[in-house]
Each structure stands twice: as C-alpha cells, then as structure tokens.
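FYI, it's all coordinate maths here, none of it is from the lab. These numbers were taken from a predicted model, which means no experiment stands behind them. Positions of Cβ are generated from backbone atoms using ideal geometry, with glycine treated the same way; all protein chains shown enter the neighbour counts.
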Amino acid sequence: MYTKNFRTPYRGSRFSHSNGSSRFSRFSRGRGGKTGNINDFIRKAQVKTTDISSAPVEEVLFSSLSLPETIKATIIRHGYTTLTPIQVKGIPAIREGADVIGIANTGTGKTAAFLIPLVEKILKDFQYKALIISPTRELALQTRDELRKFTGNMPVYSAFCIGQSSIRDQIYEIRRSPHVVVGTPGRLKDLINRGVLKLETFKMIILDEVDQMLDMGFIHDIKEIISHLPRERQSLFFSATVSPTITKLIESFVRNPVTISVKTGETLANIKQEVLRLDRAASKIDKLALLLSKEEFKKVLIFGRTKHGVEKISRNLFQKGFKVTSIHGDKAQFQRQQAIRMFKEDVVSIMVATDVAARGLDIANVSHVINYDVPQTYEDYIHRIGRTGRCNLSGVALTLVQE
C-alpha cells in the first residue's frame, strides 16, 4: 500500500508538496467562466457531509433477497455478497414499481441496483421492455456488460446503441425486439427519428448519471427521447448530484417518486489528495515517468486536457518502456473498448485519458489518479479523482503543477 508519510517517496526530488494555501493561481478558465485554485478544490473535496435523508443501512446479503433462484445464482457466481446502501434501499422500491430518484456517489453499486429488479421483471413478463440511457459510450458499455453478468444464460436480450459503431448492426438488433436497449442520447435519438426504435411499448426508462448527461449538453435529446415513451411507465433517475435543472427535468417525467439518497460527500475520505509542484525548467514527462517507476504506482489513470496531449503523453511513456494505452474522442469505438479492456485486465498498468472519454468509467483497483494537466473545473476534478478509492479501497490522487 501507499506509504502513510506521503513526502517520503519523493525526498531528494525537485517536487514540492502542498495541501494548504498557495500563491498558485495560473488556473485554466472553466466552463462557468471562473478561475480556480487547485488547493481550493482539494480542501473542498475533503469536506465530508452526509445527506439528511440518509439513514444508517444494516448489512444485507444478496442471498437473503426473495429473488428467482436463477438471478441469485448469477449474482453469487460473480462474487456479489453484500448489498451496498443504494442497493438496500433501491432494489425493493424498484421491485414494487415505484419511480425512483437515486442519489449516490459514483462507484456505489447504482448499476446493480436497477439491473437486478429489471431482470426479475423481464423473467416474470417476457414482453417487458426497458430503455437505459447513459452519457458516454464507455458507461453504456459497462452497463451492457453488467446486464450480461446478471442474465447469464437466461433468455434476456439487449441491443447496444452508441455512436461510432455500426448503425446497421444496431438496427438489426432492435428489429429482433430486445428486452433492453442500452445507449447514448445521440444514437438513440437518431434511431427514433429513423423510425427504427419505437418506444410505445417500453415499460421502464432508466437515466444513469443524469448530472453528467446535462453537463454534456444532452438535456434536449433526453426530453425528446422521453416524449416517445408511454405515459404509463416506471422511471428511474440516478445521479451523483441534483441541480435545479435536474430537479425540473425529474418533476416533468415522474409521479410521486421515491427519493433515495445515500450520498456521503463529494469524494470518498479514503482518497489521499496532493499537489506536486515542479520547477518550470523541469521536464514534466520525465517527472511523471519517475513517479510511475515507483513500486506503489500499480495501476494508474492519467488525465490530460486535450486529445493531442493525451496521445503525446501516451507515446512518450511508451517510448520510455511503460505498458500504456490511451482513450480519447478521436479513437474509434473498438480502439477505446480495447484500451479499457487491456487496462481492466492488467495487460497494461497505465491508461491516459481525456475527461469526456473516461467519464463514468468503473475500473477496479486503480491505485493512483494523476492529473497531468490541471482540471478546468471542480466538477472535472471530482470526476477524475473518483476513479480511484472505489469500493472503500484506498486511493491516491496527484495533481502536477509546473511553476
């Protein structure tokens, strides 16, 4: 594990460390037009709060749920034993047919919270159909893969509809009348406009990571997609935050929803956050390589600001002998999927990514997140460092600042 005395591994280097106030102010202007200080982000992220609607959740085993044995078997086979708080509260409400607003941090088991009762509903009625909308292709892929885990060899079929993938194949899948359609807003809207995806018979809609979708500008697409659904349906909204815009959206499409909040703070307390300061004359890529050569940097996600920058970082690290891959918006979908698979399966120990490409990624055992480029906004910072310290494991988030 990472040493408790954070300064020790870097003694003798040209780094300096800071968690307190700083004169650093050369910070990029973010989407809101405000200039920030990276130390302000860190201090803010370390504040731990608990939503007042949260109540203590006792440990509940999956084996104790009155689920069909086929679902229980797949759950056990994939190593799930204890429910997370969002699952403890969410699964019963969804099984009862309630509209649900789930508010929880990323990496807290939201996907299983809605997939398990969804699969149960399909097994009880094979005419049951559901639409799952995700903000990014990677998150949609994770959801599709999780669905396959929970269905195993059951006769539950899905269609996967995202951009930069063959729309012809997706049209073919939809015409086979799948039980679940998983996709991103742009491609789903396109398929609806083509008259291929007809939502009149769908009984459930799930909006996953709503805050991210609105942040990425999908609100009008979402409203249009929802307008094609029948009035009688079950609607599920999952988000890490609930802004006034999200509240207005939710109020437009749900009736007497059950709000479940198990959010415990902006970031998990087990993420160690530090700023590493470099002399202006120092080589930033060489300092990064020095960090990555240390034993404790076992599985590292590095964030760059631009597609070109990410590719350059990846190329330089590869030339220095590191096993590295990268994802960004200019890469074809199969290349992005291959990169994520290699990182998940430890074929490579380092992945370099842009914010959008890595948004919502759930990859186990990421030991370190490194902000090679300073994030533009506090929201970007929270998103980035949340890729480590998942499932109550320890994690480290470093931000490189050249002065």
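What aspartates and glutamates sit close enough to Lys89 to cross-link, taking a C-alpha to C-alpha distance under 19 Å and skipping anything fewer than 8 places away on the same chain?
In chain and number order, the partners are Asp51, Glu58, Glu59, Asp99, Glu120, Asp208, Glu209.
Sorted by average packing, counted as other Cβ atoms within 10 angstrom per residue and highest first, what order do 197-203, 171-177, 393-399 take?
393-399, 197-203, 171-177
Treating the stretch 234-339 as a set of equal point scatterers at the Cα positions, no solvent, please give the Debye-formula log₁₀ I(q)/I(0) at q = 0.19, 0.21 Å⁻¹.
These q points yield log10 I(q)/I(0) values of -1.06, -1.15.
Taking neighbour counts of Cβ atoms within 10 Å as a proxy for exposure, in what order, fewest first, do Cys161, Cys391 appear?
Fewest-to-most Cβ neighbours within 10 Å comes out as Cys391, Cys161.
Note down the relative contact order for the stretch 62-261 as a percent, whole number, built from C-alpha pairs under 8 angstrom at least six residues apart.
In percent, rounded to a whole number, it is 28.
Calculate log10 I(q)/I(0) of the stretch 115-206 for q = 0.14, 0.19, 0.20 Å⁻¹, where I(q) comes from the Debye formula with a single equal point scatterer on each Cα and nothing for solvent.
Here the Debye-derived log intensity ratios amount to -0.44, -0.83, -0.93.
How large is the dipole of the stretch 62-261 about the Cα centre if only Lys and Arg carry +1 and Asp and Glu carry -1, each at its Cβ, rounded to the nearest 20 debye?
Rounded to the nearest 20 debye, it is 460 debye.
Once you have the alpha carbon radius of gyration of the stretch 62-261, what is it after dividing by 2.2 N^0.38 Å, with N set to its residue count?
0.95
State to the nearest 20 debye the size of the charge dipole of the stretch 285-325 about its Cα centre, where the only charges are +1 on K and R beta carbons and -1 on D and E beta carbons.
120
Using only the alpha carbons of the stretch 311-403, determine the length spanned along each of the three principal axes and report them from longest to shortest in whole angstroms.
35, 29, 24
Of all alpha-carbon pairs in the stretch 202-287, indicate the percentage at a distance above 18 angstrom.
Of all Cα-Cα pairs in the stretch 202-287, 57 percent lie more than 18 Å apart.
Roughly how many debye, to the nearest 20, is the charge dipole of the stretch 267-368 about its Cα centre, given +1 on each Lys and Arg Cβ, -1 on each Asp and Glu Cβ, and no other charges?
Charge dipole, the stretch 267-368, about its Cα centre: 220 debye, nearest 20.
Using alpha-carbon positions, what is the distance between the centroids of the stretch 229-295 and the stretch 329-403, in Å?
12
So which of Lys299/Lys323; Lys294/Lys323; Lys149/Lys298; Lys121/Lys203; Lys287/Lys323; Lys287/Lys320 end up more than 19 Å apart by C-alpha?
As for pairs spanning more than 19 Å Cα to Cα, those are Lys149/Lys298.
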